[in-house]
Every structure is written in C-alpha cells, then in structure tokens.
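Quick notes on the structure that follows.
None of the figures in this text is laboratory data; all of them are computed from the coordinates on show. Model, not experiment: these values are computed from the prediction. Here the Cβ positions follow ideal geometry from the backbone for every residue, glycine too, while neighbour counts run over all protein chains shown.
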Amino acid sequence: MNTDIDRGKLFGRRVVVVGAMKAALMSTLIGRLYFLQVVEADRYRMLSEKNRISTRLLPPARGMIVDRFGVPMAVNTQNFQLLVVSEQMNDLDNTLDALSNIIPLTDHDRQRIHRDIERHRSFVPVTVRENLSWEDMARIQVNAPDLPGVIIEEGLTRNYPLKELGAHILGYVSSVTEADLNGDPLLESPGFRIGKAGIERIHDLALRGKSGNVWSEVNSVGRVMQEIKREDGQAGAEVKLTLDIRLQQFAATRLGEESAAAVVVDIHSGEVVLMASTPSFDPNAFAKGLTSSEWHDLISNPRSPLTNKVIAGQYAPGSTFKMMVALAAQESGAMTPEQRVFCSGSLALGNMRFHCWKKGGHGSVDMVQAHMHSCDVYFYEVARRTGIDRIAEMARRFGLGTRTGLELPGERTGLMPDREWKRATLHDSWHPGETLVAGIGQGFMLATPLQLAVMTARIANGEFKVMPRLTKALIVDGPQSKEANAVAVSPLTPLGVAKNHLEVVRQGMYSVSNVQGGTAYAARLDFNGMMLCGKTGSAQVRRISVRERETGVKKNDDLPWEQRDNALFVAFAPSDKPRYAIAVVVEHGGSGAKAAAPIGRDIMREVLRLDPTRDPSMTQTSETDVTGDGG
Amino acid sequence: MTPQEPISLNVNRSVMPFREKLWHISWSFVVLLCLLGAIGVATLYSAANGHLEPWATRHFTRFLVALAVMLAVAMVDVRVWMRYAYVAYAITLVLLVAVEIRGSIGMGAQRWIDLGFIQLQPSEMMKIALVMALARYFHGSTLEEVGHPTYLILPAALVLLPAVLVLKQPDLGTAMMLLMSSAALFFLAGVRLWKFGIIGAAGLSAIPVAWRFLKDYQRNRVLTFMNPETDPLGAGYHILQSKIALGSGGILGKGFMQGTQSHLNFLPEKQTDFIFTMLAEELGMVGGVTLIALYALVIIYGYAMAMRSRNHFGRLTGMGITTTFFLYVFINIAMVMGLIPVVGVPLPLISYGGTAMLTLMFGFGLLLSVYVHRDIQIGRRGAYGNI
C-alpha cells in the first residue's frame, strides 16, 4: 500500500525531528547543571554555608569592681532560672499546674509564659522565674521526672554585696536600649546588661570584656544540630577603685540619717579614698525591679537619696572659701598677713550694712586670727580691696568653678562668679556689695564637696594642682596570670601660688582647729600627735528679709529643716606632714562648727588610724602585718 | 541496541506462546529500569537520613509491584490494547469527571480515588489512556485524511477534554504533559507544521485569558519563577534553596548522605519533587549527568522498540509512552534547576510516590507489549478479528 509507505517514511523523518528536539532539551538540562554546579558553584557553596552555619555569641562575664584592697563591691552572682521548652512538653497547662504546686504562679505569670511561647520557636526555652531559691530548685529537681520540658539554667546577675555603701559611685547596669546599639552584636544578645551610671558606665567597655563565639550547624528552622567550633571570649576586666571600703562603712555610720556628703582625697596622688553621700539606696533593688511606690519614695524624698551629693550637690561654700580670698589678697598685694582690720560687728558699704556672724564683733584681727575666728568683716574688707576678678582667678586655680575631671558621670561644675560671668549670663553689671558677699563664700558662688576637698588638698599640697581619681587599676584576667594595668596618671601642673602665702593660710587653718577660740577647736583632733587643720563654714540657704534683719535673725533651731544653714567643714591632716584632705557638707545641719566639724574630725581620725595599712610601701607586705601596726 | 533476535518463523501468527513472549521481552531494558529503581531506593534512604523508613522500603515494594504489573501488561497482545483503547480512555475520562464533581461538591480537593490498596489518580492514568486513544485513532488514518482539518476535530477533542478537566483541578504540570505528548503524536501522525503554528499562536494569545483563570498560588509560582530572588523567604524559597543545594554540590558532590541543604531541611519536598536536587547535591554533576544519561538510555530504548514495531498503533503508542516519560524527566529536572516554573511533576522511578510509578511502569508494559508483538501486522481497520 502506497499510502502506508508514505506514512511510514514521514513517520520516520518526524521521529528523527522529535528525537532531535528531545536530545536538544536534554542537553539544555546538562548545560544548566554545568552552569549551576561548575560556573556558579562557589557562589552557591557560600550561600549554602551561610544557610547552615549559625553563629551564637557567648557573652563574657562582667568584670568585678573592687576597692583598693580587692574587697568586692560589684560581683556576678549565680542566678538559677526556671525555663520551659514547649516542644518537650505534653501539655503546657498541665506542666504549669504541676509547677505552681512548687512555686506559686500568678495568672499574670501564666499569661506572660503563654505569650512568650507563642512568640518563639518551640525549642526556645522561655523563662518562668528568675532568682530561684535553693529550696525551690531542690524541689523542682526532685520532681523533674514529672515535669517534662522544665529545665533549670544557670545565669549571672549583677550584685552589689555592700548594698548602700558606694551605690552612688558604682552606678548600676541595665538592659540595652535602642540608643545604645552601635552595631556590636554583643549588645543585641538577649538579657545583656550594660553600665548605665557611675563606674559601671565609665568603665563599661573594660568591664564588658570580649564576647566569644559558637558556630553551630542549624537546620532550616534554626534548631542546632551540632556544634562546629567554639571560641571563648575574654572576661571583663576587674576594676580596682581607690576607695577604702572600711572608710565607706565608717562614714556611712557616722553620717547616719543626715543628708550629707563626705569625701577624702589623698593630697599627693589625688586618690579618692572615701566618697560618701547619704542617704543612699540599695542598687540591688534596681536589678530586681522596683515597685512604683518604692520608686516614688526614692525620687520624692527631699534628702534625694539617688543623688551623689559629693559631685552633684552644689552648695555655697560659705566660710570655707575664705582661704581663697586671703590668698588672692596676698598675691595682689591688697593685704599683707600682718595688716589688721577692726571688726565692730558690721561693715557699711554705701547705704548697705554687712554683718559679721558675731554680733559684738571680733575687734582687731590679722589674717591668721581672721581665719581662726572666721571673721566676716575682715574678709568683707579684704574682698573689697582685692576685687572679685582676682578672687575668682585664684579660686579657679584651686579647682572651683570647673569640673574636677573625676571619672564619674554627673559631676557638676559649681559656680565661681566674676564680672564677665555676670555680664554674660545675667546681663547686669557687678555690684561692689556682691564682692563683699563673695568674700565670705556666699551669693552666686557654688561648689561641690569634691571641689572643696580638691581645693583643700591643693592648699595642703602647695606645689601641684592635685587631680582627684577613683580608678586604681584595670586588671585583665589573662591566660597565664593576672595583668594589672595601673591607670595612667597625667602629670600634674604646678599650682603657682607663693609658698609663704600658703603658709599663712595653713597657719590660719591650724588655729581654727588647734588654738583655743578657733571655730573648730571643740572638734580638734590629736591622734598619736597628729593634728588636723580645718575651716568651718555655715552657708545661708534663704534670703533674710528686711523685717527679720530688724527683729534679729532667727536661730537655726527655730527654722524648718529645709531653711536651716548648710554646715560645711574642710580640713587636711596631719598638720605637720599633710597627707589627706577632707570635705564634709551636712545639708541644713546648721553651724559648720557644730554639725560638720565633728564628723570631719571623726572621719579624719579613722583615715589616719587606718593610714599605715594604705601606705603604698606597706601594701606590698601582707595585710595581717599591717593591721597589727595600725591597730 | 536491541539484542539480536532470532527471525520469527510465525510472521503473521495470531497467537504467540507465553514462553516465546517472555523470550521477546527486552530484558536489558528491564534491567535498566531496575537500576533506576535501585537509585531511587538509595536516594530515598539518604533522604531519610540513612533510614529505610519511611520511604526506601515502601518505594522498593511499590517498584516490585509495578514491575509485575509491567510484565503482565507486556504479556497481553498489543491488539487487545488497541481494541480497548477507546474504552480505557472513556473509563478514565469518567473517573476524571467523577473526581472533579466530587471536588466541586465540597469533599475537598481530592484528586484520587481510594481503592484501599492504592490510590488511583485519574489524571495520571489519562497520560497513558490518551496516548492509547490517539494511537488508535491515527492508526487508521491515511495521510490525506490527516491533511483535512475536520479529521482532526475528534482527536483534538480527545486531548482538550481531559486537559481542561485536569487544569481545573488544578494541575498545571499534568495538563502540560497531556498537551505536549499529544502534540508529539499529532506531529508524528503527519499533521502539517503550519497547523501547529496556528495552534501555538492561538495558545499565546489565550495566555492573558488563561491568567485570569489561574489560582493565586499558580500565578505566584509563575511570577516567582520569573524572579525567584526577590522573595527568598516566600514563594521563591523553594527554587532558591534548590539552586543553592545544586550549586553547592559542585562537580563531585558532598558525598552520599552528606548533603547539608537537604539533610538540614532547607530543601523542601526532598523525597518527591526535589529529589533530583538532593541527588545532585550529594553526588555532584557527575551523579546528575549519569542519571540524565540513564534516562536518555531509557528513551533511546523506547525509540528503538517503537520503531521495530510493524504496526502503526504500536509505533505511535511506543513513541507516545517514551515522550510521556521524557516529559516527566525534563519537566522535573528543569523545574528544580529553575528553568521552568515549579509545577509538581515527580522524577520518574526515583521520586517517592505510588501513582506516578504505576502509571509509568504500566506505560513501559505497553511499550514492551508493542515490542514483544512487534511483528504482528494490523490492518487499517484491524484489531477486531480473533487474537
């Protein structure tokens, strides 16, 4: 059959065509395979690695903060957390019911747990409770077989074992906020805390340490299949402070309920061995979380427990400022130490009358006597002769009016007014009367207790501008040994004040405390023959009205607490070979001689009693020897 | 290619003895299929992270059952298959309509009929039944008849009816395979090229209309195929992960059972549609090309066996079956390599799944039947006499 043959021939030809098409398509597959597996292989290999390798950070343990002898002030404590893993449980509610027989769970807790579980993948542990007690933990462990999916994990939380002592200095740690993020993945790891105030904040980077990494193989839903590599991090450095915890303890007790600040500075090294601000607070409460009423109590307390008064409290220095006036007067030649001024109890300037604190007046006084009795009229007159700008210039050399540069956040500048300042900020010219008021450390003038301590340290030192500091060393725990990096101290600049001028002032301060009739004679110190040189101050915090002026100024005891004078006291000791400078401010304590000087004396006695154990040459030897000497 | 056969003494004999039929089976072809089945078992063993359960063992038993079905089908005279070609087509079409109606009544989108021991998928069966029906139709046609457009209306209807039903299910992959294998048969039957041109043009112009009828997920598949990297976690995820797995395999692969992408579950459906990806990730380009070569060998066998047939029905059926097989292979591999959209076509003899395997092995049974009965001549109106 012809047609069949034709059909057969056509079929044969078309089979070849169809076959060729299939061959071409198959070749396409092989070509594509070549493209993917040879040409693009490297790219896809990289993508594949990125797919399966997950990097997890190992957050380093935060470094400790210790005092100058290594007594721990901020540590990490083990914290046992109760966690549940939803995929390992048969039924969440049954498990939680069983758990609530051991540890009470509120409905609120339960809601949070349910919410957390819904938010995370089923194998991610969800926190039920932190800070488990030993008893709770033991009971959970015993019941473990009945509690599938319940695990206890060990974590670290920041703890301040000394509680209120040093809370203002240490600061606290807290969760990372959006603003803190800087691209460091460590900051994004869950539960990570960073320093938010105080030393915790200033030395945060050193305390943090370096994070380690774990590389694990994960599957498509992120579950870890196996660990591939681990790189341990570097624990945070230990921060050694210059503080002496024994002094902190003593000062806290001595200051008691007062709203007060006390600070002691080594006049040679600038090391702050004591920094106390009362009342204080327990920083551990912040770590646990405060109730709103506790928080309200803290911030509405008129004695402001959250403020570090040593660096952030600004007070009129009152009579503690008089040394600056005396020095400026000597340097300018406006007054020699021997020149006398007659104090009748008041001084008239124009139609204004300026009173001395002593109604009847001191009679004729020289510079040393003026210090000793804290004669206001003498210093009105000296200030008037010297002029405000010279006084301000001298005061700045002693650190007033600027931050001391101590490594703590929140330090305030105080205020040292002069003509230029008044013109710039108040747009007014300086009145002569304001110079007189400045002469006794009142008016616009403000200083922090730390500034007053630094001022006193510089008077005692006489040679250099002593700079206060809190950090003794950063100690990095290396693989072999501990490596201590003493904090670099920048060279001190000379004070530039004549020695004999300073000597007069020091003589005045000696008389204050050691000559009968001196304002702080009642609070004198004689510890194994070591005396202190001090200066009291009582600074008004209220304006005295005209009517009151006529009827007589009210006594402090008759005024409400918040209107009483601030009591101040500055001193250095020992008198013959100065080593420490102290400043004490008791808010609304009344008279500096009565309220502040005894505290300053007691603290200084303790400072001197413990001094041999703090001596750099002595700290090399073992501590037991040292205590024997000191006791 | 085919083994040298002894010249048959009974050229036009109606009935062949059973033993002679067995003798005529291309056993080398059967061995080739067994080799592919074994590769399937090994790959599924790896897919289950080195376990025989849940896939490898069942794949093995299914293959044995399908092998028995294939040999049984091969033993049946090709004229019987030709006689019942339309009947088989009609029954399959009814089943297809049945699942469609059941689906629309609201029993869910079930595409199969559960027979207890096996789930019959009418759309799969149609791949073979349509080949048989078209081969039957064109067996009796002369070239002149094929030249008349009106003569093509009936076979076109035979194709479009199931194609539309399958598309409605919706099963884009099967519909494509039905259309393409039919096109091959039309072409082999002698339909003029320009007619394909017209149909092709009509098809292209229908795309905007068809787009409106596609389900959202089908549209997404097409769109992500166009640009998979834009949505790496959404719809483009499968294609992208498949390409990463393939590409990272390189020339020699990561080693048997060492495929990270597949074993860490980045690769979806690694035991079914994406099994080629896993194989090529673990065995590399060497493994992938070897598998493609084995498939090519199956196709060459198919061609050789079809061309040896002395009846037109046999030749058309053989070519149709081989083309269907080719389409499985090509669509699956092209899809996992990102050459065409993901349409859900398994890799023959290797992917886990019973129906596709049974369909294919039934088809290979027909192919072998064509080969075993290659010397039987069937008249243009034949297949009605005694067999």
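Cα centroids of the range B:298-373 and the range A:123-165: how far apart, whole angstrom?
63 Å
Ignore the peptide's own chain and count Cβ atoms of other chains within 10 Å of each Cβ in A:76-86; give me the average, rounded.
0
Provide a whole-number value for the mean count of partner chain Cβ atoms within 10 Å of the Cβ atoms in peptide B:138-144.
Mean inter-chain Cβ contacts per residue within 10 Å come to 3.
Rg/Rh for the range A:287-368 to two decimals, with Rh computed the Kirkwood way over all alpha-carbon pairs.
Taking Rg over the Kirkwood Rh, I get 1.28.
Find the relative contact order for chain A and round it to a whole percent, using C-alpha pairs within less than 8 Å whose residues are 6+ positions apart.
The value is 13 percent.
State the extension gain, in nm to one decimal, for the chain segment bounded by A:Arg56 and A:Glu87, taking 0.36 nm per residue of separation less the distance between their alpha-carbons.
Full extension of this stretch gives 9.0 nm more.
How much mean residue ellipticity at 222 nm does chain B get from its helices, if each DSSP H run of length 4 or more adds -39500 (n - 2.57) and you divide by all residues, to the nearest 500 deg cm²/dmol?
Estimated from H runs of four or more residues: -22000 deg cm²/dmol.
In the structure displayed, which of A:Lys472/A:Lys535; A:Lys163/A:Lys229; B:Lys215/B:Lys243; A:Lys22/B:Lys254 lie more than 32 Å apart, Cα to Cα?
Flagged as over cut-off: A:Lys163/A:Lys229.
Return the sequence-ordered ³J(HN,Hα) values of the range A:501-515 in whole Hz as given by the Karplus equation 6.51 cos²θ - 1.76 cosθ + 1.60 applied to θ = phi - 60°, using x for Gly and Pro.
In residue order, the calculated couplings are 5, 5, 4, 4, 5, 4, 4, x, 5, 4, 5, 3, 9, 10, 10 Hz.
If packing is taken as the average count of other Cβ atoms within 10 Å, what order do B:268-280, A:90-102 fall into, highest mean first?
B:268-280, A:90-102
Given a Förster radius of 51 Å and the C-beta distance between A:His355 and A:Leu205 as r, what FRET efficiency does 1/(1 + (r/R0)^6) yield to the nearest 0.05?
E(calc), rounded to 0.05, equals 0.40.
Please state the equivalent ellipsoid semi-axes for chain B: what are the square roots of 5 times the Cα gyration tensor eigenvalues, largest first, in whole Å?
Largest first, chain B gives 35, 27, 19 Å.
Give me P(r) over chain A, computed from all C-alpha to C-alpha distances, binned every 10 Å, as integer percentages.
3, 13, 20, 18, 13, 10, 8, 6, 3, 2, 2, 1, 1, 1, 0, 0
Measuring from the lowest to the highest alpha carbon on each principal axis, how far does the range A:327-445 reach, largest first, in angstroms?
If we take the Cα atoms of the range A:327-445, the spans are 46, 31, 27 Å.
Write out the trypsin sites (Lys or Arg not before Pro) in the range A:34-95 meeting two conditions: DSSP loop, and at most 10 other Cβ atoms within 10 Å of their Cβ.
none
Put a dot 7 Å past each Cα toward the Cβ at A:Ser27 and B:Val69; how far apart are the dots in nm?
3.6 nm
So if I take the centroid of the Cα atoms in the range A:393-468 and the same for the range B:238-260, what is the distance between those two points in Å?
So the two Cα centres are separated by 74 Å.
Work the Kirkwood hydrodynamic radius out for the range A:56-241: mean of 1/r over every pair of different alpha-carbon atoms, inverted, in Å.
One over the average 1/r among Cα pairs gives 18.6 Å for the range A:56-241.
What is the spin-label model distance, in nm, from B:Arg19 to B:His148 if the labels are put 7 Å beyond Cα along the C-beta direction?
Result: 5.0 nm between the two label points.
So what is the relative contact order for the range B:18-372, in percent, with contacts set as C-alpha pairs under 8 Å and at least six apart?
This gives 27 percent for the range B:18-372.
Would you please give the residues with an amide H less than 5 Å from that of A:Ser346, counting only those at least 5 places away or on a separate chain, with H modeled from the backbone geometry?
A:Cys356
Where does each of B:325-335, A:500-510, B:361-371, B:44-54 land if you order them by average Cβ count within 10 Å, highest first?
My ranking of the peptides, most packed first, is B:361-371, B:325-335, A:500-510, B:44-54.
Which whole number of Å³ per residue matches the convex hull of the alpha-carbon atoms in the range B:123-223?
Output value, Cα hull per residue: 96 Å³.
In terms of modelled amide H atoms, which long-range or inter-chain residues lie less than 5 Å from the amide H of A:Lys472?
Under 5 Å from the amide H of A:Lys472 lie the amide H atoms of A:Lys240, A:Leu241, A:Thr242, each far enough along the sequence or on another chain.
Rank-order B:123-131, B:30-38, B:259-267 by packing density, defined as the average count of other C-beta atoms within 10 Å over each peptide's residues, highest first.
For the peptides B:123-131, B:30-38, B:259-267, the packing ranking is B:123-131, B:259-267, B:30-38.
How many Cβ atoms of partner chains, on average, are near each residue of B:336-343 if near means within 10 Å of its Cβ?
2
Taking the Cβ of A:Gly508 as the center, what net charge do the other residues with Cβ under 11 Å away carry, scoring Lys and Arg +1 and Asp and Glu -1?
Within the 11 Å Cβ shell, the charges total +1.
Starting from the Cα of B:Ala98, step 7 Å along the direction of its Cβ; do the same at A:Asn500; then give the gap between the two resulting points in nm.
So the two model labels end up 12.8 nm from each other.
In the neighborhood of B:Glu144, defined by Cβ-to-Cβ distances under 14 Å, what is the net charge if each Lys or Arg adds +1 and each Asp or Glu adds -1?
0
Over what distance in Å are the Cα centres of the range A:330-362 and the range A:258-309 separated?
39 Å
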